[in-house]
Amino acid sequence: MHLADLDADQVPHALRPVNASSARRLPPPLAAVVVRELDRSDDLRGEVAALLDPDDETLPQKASLAFVVRPEGWEELMDGYGADQTNRVSQAEFDRLTDRIEASEAELAKARDKLKKLRKQASADATEARAKIADLKRQLARAQAPGQEIESKQHELLQAALAEQASLRVRVERAEALVLKLRGNLLRAKRSRGTGQAMPGFDRVGPRPVDLAKTLDALSVIAAVDHVASSEPGAPSPGFGLPPGIRPDSAEAMEWVVKGAGPVTIIIDGYNAAWLIDAGAFSSARVRQEVVRRAGLLRGASVAPSKVIVVFDSEYGASEPPSPGPVAVRWAPSADDEIRSLADTLGGDVVVVSTDREVQEGSALHGAVVLWSEAFVGWTGR
């Protein structure tokens, strides 16, 4: 029976909205009306039963026939069909999660291989640096020529080699810490695959994409080319970087910036931090003001003289005039490009606060120390 084949006065009143619908698939409210009318009307069920094929063994067809014909025990039949459908859905979900496990394990294996190569390269770099230092020491021992200029140059070369060695040592320590972390994640992922239980920081059977992305972000920053400290005025301090054992996404990292990093310029990805504070209203003036307020806390807590700059994307709203205070606010068509440019052109030590991978990698290539926005929000929200 098709409602469209009936005259307007023949269509039951409750089904007239269904008859008027032009949707290819009925919305849930209209579908509920049809089911309710079928349940109440024996005549309507009889007309529908005449349209069903009793030889069709598909699950939806068998369930529909049981509902409209209603043989003895039809409620139990419906319960059984529902259980069958649930089992089919559960199997499909299991297959989907199994595929996610395999994809996550493959990503972890790639990351582990990359770390092995990084450690090998860092070890080779450290060996080369030690050889340079030994050679410089031998040159100093043999140097007999008088003149303060020669002695100063030799001392400068030695200090540069020592700074390079310190930088390489930091890279090796960070790589080793990430190796341990990835090994633990891989072991927990393999164990959870067998038990089907969740573990901290993971979905039912695999790492959350955001956690894996953070790990890969850290690998990218470590793998970035280290810049040898320049002797030009305003250059970054030799060996400027997070102390070993402090994660760039932790409040301890921001504590180090304000208490022990010395005079620095802190550049904050404004909307990146705003999203963590209030994702639902991250582009509102209220949340922007909260980001600037928290940035002012950094300036106020800094032991050494520091400068704080917050950069917002103007594409999310009209730029606002700067408000008086200790924090410089900038608007740019692309906050990402502006932050990377500032990291490149500003003199002295620079700390960039952003969770955006491209911003992190571009700023690190210019010698900036990169912290995640979680460190800023965590420290200022305590």
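The values are calculated or read from the model by the stated rules, or taken from the named source; none is laboratory data. Quick caveat: nothing in here was measured; it's all calculated off a predicted structure. Cβ: placed from backbone, ideal geometry, glycine included. Neighbour counts: every protein chain shown. What goes into the accessible areas is simple: the full protein's heavy atoms, side chains included, and nothing from ligands, DNA or RNA. Shrake-Rupley method; radii C 1.70, N 1.55, O 1.52, S 1.80 Å.
Per-structure values
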read-out: Residue that is farthest from Val291 (Cα to Cα), among those in the stretch 323-333 that are open to solvent by 10 Å² or more (accessible area, probe 1.4 Å) and in contact with a helix residue (DSSP H, G or I) (Cβ under 8 Å, 6 or more places away or on another chain); value: Pro333
read-out: The stretch 346-367: number of residues that are open to solvent by less than 10 Å² (accessible area, probe 1.4 Å) and in contact with a Pro (Cβ under 9 Å, 6 or more places away or on another chain); value: 2
read-out: Single residue of the stretch 345-382 satisfying the filter (among the hydroxyl-bearing types (Ser, Thr, Tyr) and in a helix (DSSP H, G or I)) that is nearest to Ala273 (Cα to Cα); value: Ser373
read-out: Residue in the stretch 262-279 that is of a type outside the set (Phe, Trp, Tyr), at pLDDT below 80 and buried (at least 18 other Cβ atoms within 10 Å of the Cβ) present; value: no
read-out: Tabulated pairs, the stretch 84-109, first touching a residue at least 12 places away in the same chain (Cβ under 8 Å), second assigned to a helix (DSSP H, G or I) and of a type outside the set (A, V, I, L, M, F, W, C), C-beta under 8 angstrom, 6+ apart or interchain; value: Ile101/Arg193; Glu105/Lys190; Leu108/Asn185
read-out: Boolean, Arg45 is surrounded by fewer than 15 Cβ atoms within 10 Å (Cβ to Cβ) and part of a helix (DSSP H, G or I); value: no
read-out: Counted residues, the stretch 302-338 - those being at pLDDT 70 or above and not hydrophobic (A, V, I, L, M, F, W, C); value: 15
read-out: Those residues of the stretch 104-138 which are surrounded by 13 or more Cβ atoms within 10 Å (Cβ to Cβ) and among the aliphatic types (A, V, I, L, M), in sequence order; value: Leu108, Ala111, Leu115, Leu118, Ala122, Ala126, Ala129, Ile133, Leu136
read-out: Condition broken by Arg100, with the remaining ones in (1) touching a Gly at 6+ places or on another chain (Cβ under 7 Å); (2) at pLDDT below 80 satisfied; value: (2)
read-out: Residues that are at pLDDT 80 or above and more than 17 Å from Leu38 (Cβ to Cβ), drawn from the stretch 49-82; value: Asp55, Thr58, Glu72, Gly73, Glu76, Asp79, Gly80
read-out: Residue, surrounded by the fewest Cβ atoms within 10 Å (Cβ to Cβ), within the stretch 48-64, restricted to residues that are part of a helix (DSSP H, G or I) and touching a helix residue (DSSP H, G or I) at 6+ places or on another chain (Cβ under 7 Å); value: Leu59
